[in-house]
Amino acid sequence: MVRFPDRLELPNFYDQAKPGCLGMSLYTYRVLDLPAYFERIKISKAKNITEITTNEFGELSFSFTALDGYFWTLIAL
């Protein structure tokens, strides 16, 4: 579980995060300095690493499969 500070206002995408829709998943994480994370992931043993691109919500993001097999998406905060 990820807990965001109460003062941080995040847009509500819950109506777009349901079966049959693109959107946030259980394995989506917002990060500062997305390019730094991208470089760290590229030199790791992660697989299926996408390029940094604009997602369906207009946010910069990239995805990868971690060593444990889970598929993650990191989004710029």
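Just so it is clear, none of the values below were taken in a lab; they were calculated from the coordinates. Not measured: the values here are computed from a predicted model. Note that each Cβ is placed from the backbone with ideal geometry, even for glycine, and that neighbours are counted across all protein chains shown.
Annotation: extensible slack from I49 through Y27 equals 6.5 nm (criterion: 0.36 nm per residue apart, minus Cα-Cα distance). With the simple model of a label 7 Å out from the Cα in the direction of the Cβ, R40 to R7 spans 2.4 nm.
Each Cα pair under 8 Å and six or more residues apart adds its separation to the average, and for the stretch 23-76 the resulting relative contact order is 41 percent.
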